[in-house]
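The values are calculated or read from the model by the stated rules, or taken from the named source; none is laboratory data. All values reported here derive from a predicted model rather than from experimental measurement. Cβ coordinates were reconstructed from backbone atoms using ideal geometry, including for glycine residues, and neighbour counts include every protein chain displayed. These area figures cover heavy atoms from the full protein model, side chains too; ligands, DNA and RNA do not enter into them. Shrake-Rupley method; radii C 1.70, N 1.55, O 1.52, S 1.80 Å.
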Amino acid sequence: MFLNPLDLTTALRPSLLPDETLLFVQDAVGLYEGKLKIPKYQNGQAYLTSHRVCYVDQTEPRSCSVAINLKEVERPEFYAGFLKSSPKITLYPKASKQLSIATNPSPTAQGTLASATDGHVAPATISPVNATWVCPICSFSNPVPSNFDPTAANARTPLPPCLACGIKPPLAHVIKAAIAAIRQAQSSDGTPQYTAGAPASSTPGTVPCPRCTFQNHPSLSACEICGAPLPAAADKRLEAAKAITRAESPGPFSQTSPLGHEITESIKLSFRCGGEKIFYERLKNALVQRKWLLQSAPPIPKPLPASDHVNMSAGLSAATIQASGASGLSKAIGIAGLERRHLEQTKNNEAVIGTAFSDLEALMTSAKEVIALAEQFANQANIGNNGNHNREAANAASALSLITTKDMLGTGSGASDLYISELSRNLAEYLTDDTRGILRNEGGIMTLVDLWAVFNRARGGVELVSPSDFEKAARRWDELRLPVRLRRFRSGLLVVQGRDRTDEKTVASVLAWLRELHSENQGQGQDREVSWDQRTWGRGVTVQEVAERFGWSVGVAQEELEMCEEKGAVCREVGLQGLRWWENWIVKDPVVHSG
Amino acid sequence: MTMATDSSTPNSDFQFPPLYNFPPFFTLQPVLATRKSQLQSWSSLIQSYCRHHRLWTLTLVDALETPLFNNTKLSRRLSLRDARAIIDWMTTPEGDSRAEWIPTTGKKPSRSDEYSEAGKCWIYWKRPEEWASALEEWVDRTGQKGTVLTLYEITEGDATRREEFWGMDSTLLAKSLAVCVKRGKAQVFGAEGSEGVKFF
């Protein structure tokens, strides 16, 4: 199948395969199958990765997104657009196996015709081949051109002249002949055994001519007597194809789901907001590079032989070589074994780095290993320094695969907008990534500034995001329906939190805690006399207590309390002991009996 | 004139509302909805307190030391600023015009004057109009229509000892009678200091 289902991340971007890299993104793209638009796939984002072309719909991203594997693409074709028609890139599928060969031969005309028949592909496929028109001048029987479509023909359709006298026929004449031929084919289709059964019932091994009924030899492609093309030759191949195709696709253009049926023709991407040129360039490059081959290919020469080589060149003793050559894990025992392994490892690393940096070409091919090494070194350095404090930084390499850079996006009018929305998705992914747990570590809430710092650090110092872009991206979370949200406190402080953490929930949790305090052990505060009825009123809490209780920073706790106050859930008391927060009884019990 | 500091007639202990024992009640809340509710609670507390103790005016500076604004049990007290804000609110139509600042000098006070000067105010647990109605009702009830009453008789006389307006501040009484006159229910005559009033 040419169109594949696509997995999306939480931020509604395609989830990339291992080693897959994102090359380009363009929005406002529509999909065509052959010449026809695919319904529901008309406005979305096209992602070009090193392995795939992905389409993610704008409105129905979960249900309407597909991917085309680049390895199944025969060739791309570029159409620059004309007047109101948008530029398009056509992807032709590779003719895989006999299946597509059989269904491929004349792709243009049959679609509309076949849909009129009772679902049989074959008769419609042959009928125009069989049709003839009789020249009104010399009465010679000419074949109707195979690509002639009576429903689509008009005055400008080129018509071949009569083969005998060279005079062009009138259009209506040819159309009539073609339609008559189709009808004939359909009625003959009513007797299904016609083609298949004829050889069996009449002389075995002969094929009757459809026009003059002469029994021809089966290997002939045209009638010996009248020259009419014989159906059998074409039929035999089609018969085999029919048996396969019908099972899964009853109608050639059943447009329900593009995933369900075989794409016989091509898929077009229509670029309604530009970006097609860069997309095409990068697509061609990706097709040339064929990164997907690397996945299955054996890894680039492993360091072990290389290390041997290095060892030799370094002039080490023969014993070491032998040992390393015959080295198995079983041999490495005890501290000596560990040391030896460490030594070998070091040698390997030397070799890898040595070969990688010998020239640019080599560096590119062994990029993966070099990155792995660099990461490992970074980890070691971190262990030496401050444990996992720099975990985010150590994750740089993995974050790199996620990043959206301005470079990936087109230069069209909507490019900067697209950059922001992609960055926004990128951020959401980064935040919700469970392996990092950024939000969780911060008690589910963190300031935007903190996030900006952490995010840029995770980007490893390349393609840093400017604060203004960052803020814009964060503001689009709501619009893009992503699982995180940006919140502005009254003081103007911007924080990031999960979408499920609403103000109501915060208020409820704070109130629940304050209610618990009603029944709190009275003896707890021996140091200070509780002069009010704690059973009724509970107790006032300080900001510090709240921050400690909920794992927030003091600033956030302050803001949250003020938010609760705003909602009328708590009230404040300014006294000698500083600011304390109470459950709001002032509103709940406003009636003071008069008199 | 009964001074707020007098609080001379503690015939029975005043029953404070439950909120009086809620510590944050003594901090004026910044949030609008809560604040409004709090102001209402304070307003009714002040009114009922004044009614209980037969107070007609409050002098804020002195009143702050009274149990009204100072909860010694909780060791919480209302600050002068907050108390002013509450009285201010009570003077507005939103606060039901239950208070009125008393200008210290004859001239019309500007806002800043009110704050800088003594900060004395009427507490209208009944507004002059309501007092006027009460007086009319009393006259009607006791059949004194057409008779001339002295103001002293109304506020200090034995006949009115059981009435709510007994001991009323003379200025307030004059205000209330003025309302009656306006309504055409009474007529005030006589010289300054020995006025009489006739209801009809």
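Has segment B:13-24 got any residue that is in a helix (DSSP H, G or I), crowded, with 16+ Cβ neighbours inside 10 Å and of a type in the set (F, W, Y)?
yes
Report yes if some residue within segment B:55-69 is open to solvent by 10 Å² or more (accessible area, probe 1.4 Å) and within 13 Å of another protein chain (Cβ to nearest Cβ); otherwise report no.
So far as segment B:55-69 goes, no, none of its residues is open to solvent by 10 Å² or more (accessible area, probe 1.4 Å) and within 13 Å of another protein chain (Cβ to nearest Cβ).
Step by step: first the residues of segment A:145-165, then only those that are open to solvent by 50 Å² or more (accessible area, probe 1.4 Å) and among the small types (G, A, S), then the one that is nearest to A:G227 (Cα to Cα). Which residue is that?
A:A164
When you scan segment A:47-57, do you find a residue that is small (G, A, S), within 16 Å of A:S270 (Cβ to Cβ) and either open to solvent by 30 Å² or more (accessible area, probe 1.4 Å) or modelled with pLDDT under 85 (or both), even just one?
no
Which residue pairs have Cβ atoms closer than 7 Å, lie 6 or more positions apart in sequence or on different chains, and pair a first residue in segment B:16-45 that is in contact (Cβ under 8 Å) with a residue 60 or more places away in the chain with a second residue that is part of a helix (DSSP H, G or I)?
Close Cβ pairs satisfying both conditions: none exist.
When you look at B:R81, is it over 18 Å from A:I586 (Cα atoms), open to solvent by 10 Å² or more (accessible area, probe 1.4 Å), of a type in the set (K, R) and more than 10 Å from chain A (Cβ to nearest Cβ), yes or no?
In short, yes.
Would you confirm, using the coordinates I've provided, whether A:G461 is modelled with pLDDT of 75 or more and exposed (fewer than 12 other Cβ atoms within 10 Å of the Cβ)?
no
For A:L220, indicate whether it is at pLDDT 75 or above, surrounded by 15 or more Cβ atoms within 10 Å (Cβ to Cβ) and not polar (S, T, N, Q).
Criteria met by A:L220.
Counting only residues that are under 18 Å from A:L561 (Cβ atoms) and more than 7 Å from every other protein chain (Cβ to nearest Cβ), how many does segment B:21-40 have?
Of the residues in that region, 4 qualify.
Answer yes or no as to whether A:R490 is touching a Ser or Thr at 6+ places or on another chain (Cβ under 8 Å) and open to solvent by 30 Å² or more (accessible area, probe 1.4 Å).
Spelling it out, it is not the case that A:R490 is touching a Ser or Thr at 6+ places or on another chain (Cβ under 8 Å) and open to solvent by 30 Å² or more (accessible area, probe 1.4 Å).
Which fully enclosed helices (runs of 4 or more DSSP H) of segment B:92-200 have 1 or more residues being modelled with pLDDT of 85 or more?
Here the list reads B:128-142, B:170-183.
Among (1) at pLDDT 70 or above; (2) within 16 Å of A:L230 (Cβ to Cβ); (3) of a type in the set (A, V, I, L, M, F, W, C), which single condition is A:A178 missing?
(2)
Restricting attention to helices (runs of 4 or more DSSP H) lying wholly within segment A:270-372, give those where 2 or more residues are over 30 Å from A:L83 (Cβ atoms) and modelled with pLDDT of 50 or more. Walk me through it before giving the result.
Values: elements: A:276-289, A:291-296, A:303-313, A:318-325, A:334-356, A:360-365.
Where helices (runs of 4 or more DSSP H) fall fully within segment A:270-372 and carry at least 2 residues being over 30 Å from A:L83 (Cβ atoms) and modelled with pLDDT of 50 or more, they are A:276-289, A:291-296, A:334-356, A:360-365.
Considering only segment B:159-185, state which residues are surrounded by 13 or more Cβ atoms within 10 Å (Cβ to Cβ), of a type outside the set (S, T, Y), more than 23 Å from B:C121 (Cβ to Cβ) and without any contact (Cβ under 8 Å) to a residue 24 or more places away in the chain.
Hits for segment B:159-185 are B:A159, B:V181.
Are any residues in segment B:28-42 open to solvent by less than 10 Å² (accessible area, probe 1.4 Å) and touching a Lys or Arg at 6+ places or on another chain (Cβ under 8 Å), and if so, which ones?
B:Q29
I'm told A:D533 meets every condition in (1) away from chain B (no Cβ under 14 Å); (2) at pLDDT below 75; (3) open to solvent by 50 Å² or more (accessible area, probe 1.4 Å) except one. Can you identify the failing condition by its number?
Here A:D533 clears every test but (1).
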